[in-house]
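S.K.: Can you read through this structure? Questions will come right after.
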Amino acid sequence: MDVSLEGKVALVTGAGPNIGSGVALMLSRYGARVACNDVRREAAEATQKRIERNDGTAMSVVGDVTNEADVKRYVNEVLDAYGKIDILVNNAGLLGGRPLLLESLEGFNRHVEVTAAGHFLNSKYVATSMIERGVKGCIWSVVSSTGFQGLPGVIAYSFHKSGLYNFVRAAAIELAPYGIRVNSITPAAPAPDNPEFIAARQAARPRGAGLGRVDPNDLPKWWRKWGKTNVRDNVPMGESPTPTDIGHLVAWISSDYARLITGQDFTVDGGVRAKSWAYSPEGSDFAGPLPLIPMDAS
Ligand SMILES: NC(=O)c1ccc[n+]([C@@H]2O[C@H](COP(=O)([O-])OP(=O)(O)OC[C@H]3O[C@@H](n4cnc5c(N)ncnc54)[C@H](O)[C@@H]3O)[C@@H](O)[C@H]2O)c1
């Protein structure tokens with residue numbers, strides 16, 4: 001018995017280059033045709049090409065998830081090309097941000113807007129297209145472990161990600177009469193596995209950049225230090241998940257076998273969410289999980 005998305009069409013927002021690209025590729029590997037949205041044309045097209053060199057069918061739809069005219073236009077582009085949308089993955093988001101005491105109103109509002117308006121507009125117009133065509137589809141929200149646990153340094157991110165959990169539950173109940181399901185996936189610092197992204201990041205990313213880091217020159221005199229985050233040494237199974245692992249889960253739960261699974265949150269995290277805050281795994285004695293089965297032929 002195979003899980004298959006054969007005949008289905010997916011739209012992934014913010015489809016590049018890390019989690020969105022991995023999820024888009026996996027939906028394609030399970031048989032869906034995939035529309036790759038991004039506000040950056042090159043990001044959408046790179047994911048389209050990644051799918052095509054793995055023998056999948058994909059298209060790029062460029063647009064800002066917070067712009068209603070853009071969303072209506074690119075949803076219609078997908079409907080014109082593929083006839084319907086069965087799966088929407090609301091993945092677009094702005095990473096990073098600044099701490100409560102240093103964030104600007106403009107920065108705070110834009111971070112919230114990309115998640116809030118992006119989820120609202122894409123879910124509204126894609127769900128309407130499903131209802132009009134009798135598609136009993138599946139809508140996804142990509143959240144973050146930062147949505148249910150406090151992480152210093154990214155106050156807007158913490159705020160808008162947590163709101164998604166109840167967006168998902170409420171949308172699931174509103175769309176249940178149409179047979180449309182709404183669920184979320186909560187990544188916890190996945191390790192990138194898109195070869196192009198890994199190469200570009202090694203070439204460009206300054207050391208120490210990332211979620212919640214602030215340039216020391218921006219700090220006021222009264223600033224007090226926070227503790228440290230330690231992602232890689234805190235995973236009970238000893239290995240961080242990849243976008244491919246996340247994509248398997250999104251594909252399985254998007255399939256028809258999951259017809260009654262709605263309003264739920266899922267994670268693929270090697271046991272991170274299950275563990276007591278007081279438990280720190282020892283970094284040297286892991287059997288490790290089964291090896292990852294390569295899904296990107298490039
Ligand atoms: N990377 C992580 O460790 C991590 C962990 C937990 C959750 N997440 C979530 O996963 C999602 C994807 O993250 P990622 O690491 O792949 O980030 P990413 O930056 O690689 O991809 C996000 C994409 O969204 C696009 N985007 C931003 N604003 C947009 C807009 N207004 N309209 C359309 N596209 C827009 C960007 O151009 C980018 O290509 C985000 O929602 C993020 O919050 C990431």
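Results for (1) assigned to a loop (DSSP other than H, G, I, E, B); (2) within 14 Å of the ligand (Cβ to nearest atom), shown as yes or no for each residue.
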| site | (1), (2) |
| --- | --- |
| ALA44 | no, yes |
| THR47 | no, yes |
| VAL65 | yes, yes |
| ALA69 | no, yes |
| TYR74 | no, yes |
| ALA81 | no, no |
| LEU95 | yes, yes |
| GLY107 | no, yes |
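S.K.: Something else about it: Can you work out which of the residues in the range 237-263 that are loosely packed, with under 15 Cβ neighbours inside 10 Å and not hydroxyl-bearing (Ser, Thr, Tyr) is farthest from ILE173 (Cα to Cα)? Please lay out each step first, then the result.
M.R.: In the first step, residues of the range 237-263 are kept if they are loosely packed, with under 15 Cβ neighbours inside 10 Å; the result is 256-257, 259-260.
With the extra rule that they be not hydroxyl-bearing (Ser, Thr, Tyr), the set shrinks to 256, 259-260.
Working: ASP256: 19, ARG259: 14, LEU260: 12 Å.
Per the criteria, the residue is ASP256.
S.K.: Scan the range 44-63 and report the pairs whose first residue is within 13 Å of ALA32 (Cβ to Cβ) and whose second residue is modelled with pLDDT under 95 and aliphatic (A, V, I, L, M), with Cβ atoms within less than 7 Å and a gap of 6+ or a chain change.
M.R.: Close Cβ pairs (under 7 Å, with a partner that is modelled with pLDDT under 95 and aliphatic (A, V, I, L, M)) amount to ASN54/ALA297.
S.K.: To continue, here is another question. GLY134 is checked against (1) at positive phi; (2) within 11 Å of the ligand (Cβ to nearest atom); (3) of a type outside the set (Phe, Trp, Tyr) and fails just one. What number does that condition carry?
M.R.: (2)
S.K.: Condition first: surrounded by 11 or more Cβ atoms within 10 Å (Cβ to Cβ) and part of a helix (DSSP H, G or I). Can you find one or more residues in the range 176-188 that meet it? Quick ask: steps written out before the conclusion?
M.R.: Just the residues of the range 176-188 that are surrounded by 11 or more Cβ atoms within 10 Å (Cβ to Cβ), to begin with: 176, 178-188.
Pick out the ones that are also part of a helix (DSSP H, G or I) and you get 176, 178.
There is at least one residue in the range 176-188 that is surrounded by 11 or more Cβ atoms within 10 Å (Cβ to Cβ) and part of a helix (DSSP H, G or I).
S.K.: Take the range 31-48 and flag every residue that is surrounded by fewer than 24 Cβ atoms within 10 Å (Cβ to Cβ) and in contact with an Asp or Glu (Cβ under 9 Å, 6 or more places away or on another chain).
M.R.: Within the range 31-48, GLY31, VAL39, GLU45, ALA46 meet the criteria.
S.K.: Are any of the residues in the range 199-216 closer than 22 Å to ALA24 by Cβ and either in contact with a Pro (Cβ under 9 Å, 6 or more places away or on another chain) or of a type in the set (Ser, Thr, Tyr) (or both)?
M.R.: Within the range 199-216, one or more residues are closer than 22 Å to ALA24 by Cβ and either in contact with a Pro (Cβ under 9 Å, 6 or more places away or on another chain) or of a type in the set (Ser, Thr, Tyr) (or both).
S.K.: I'd like to verify a number: residues in the range 1-38 that are within 15 Å of the ligand (Cβ to nearest atom), touching a residue at least 40 places away in the same chain (Cβ under 8 Å) and hydrophobic (A, V, I, L, M, F, W, C), how many?
M.R.: Going through the range 1-38 one residue at a time, the tally reaches 10.
S.K.: Name the residue, out of SER162, SER123, SER104, that is of a type in the set (Gly, Ala, Ser), buried (at least 20 other Cβ atoms within 10 Å of the Cβ) and at pLDDT 95 or above.
M.R.: Details: SER162 fails: buried (at least 20 other Cβ atoms within 10 Å of the Cβ); SER104 fails: buried (at least 20 other Cβ atoms within 10 Å of the Cβ).
Just a single option satisfies the conditions, and that option is SER123.
S.K.: Scanning for something surrounded by 12 or more Cβ atoms within 10 Å (Cβ to Cβ) and free of Cβ contacts under 8 Å to residues at least 60 places away in the same chain, does the range 204-218 turn up at least one residue? Please lay out each step first, then the result.
M.R.: Taking the range 204-218 as the starting set, the residues that turn out to be surrounded by 12 or more Cβ atoms within 10 Å (Cβ to Cβ) are 210-214.
Checking which are free of Cβ contacts under 8 Å to residues at least 60 places away in the same chain leaves us with none.
The answer is no; no qualifying residue exists.
S.K.: Looking only at the range 141-165, which residues are outside any helix (DSSP H, G or I) and within 11 Å of the ligand (Cβ to nearest atom)? Walk me through how you get there before you give the answer.
M.R.: Start the filter on the range 141-165 by keeping residues that are outside any helix (DSSP H, G or I), which leaves 141-144, 148-154.
Residues satisfying the conditions are SER141, VAL142, VAL143, SER144, LEU151, VAL154.
The values are calculated or read from the model by the stated rules, or taken from the named source; none is laboratory data. What you see is a predicted model; the values in this text were computed from it and never measured. With ideal geometry, Cβ positions are generated from the backbone for all residues, glycine too; neighbour counts draw on all protein chains shown.
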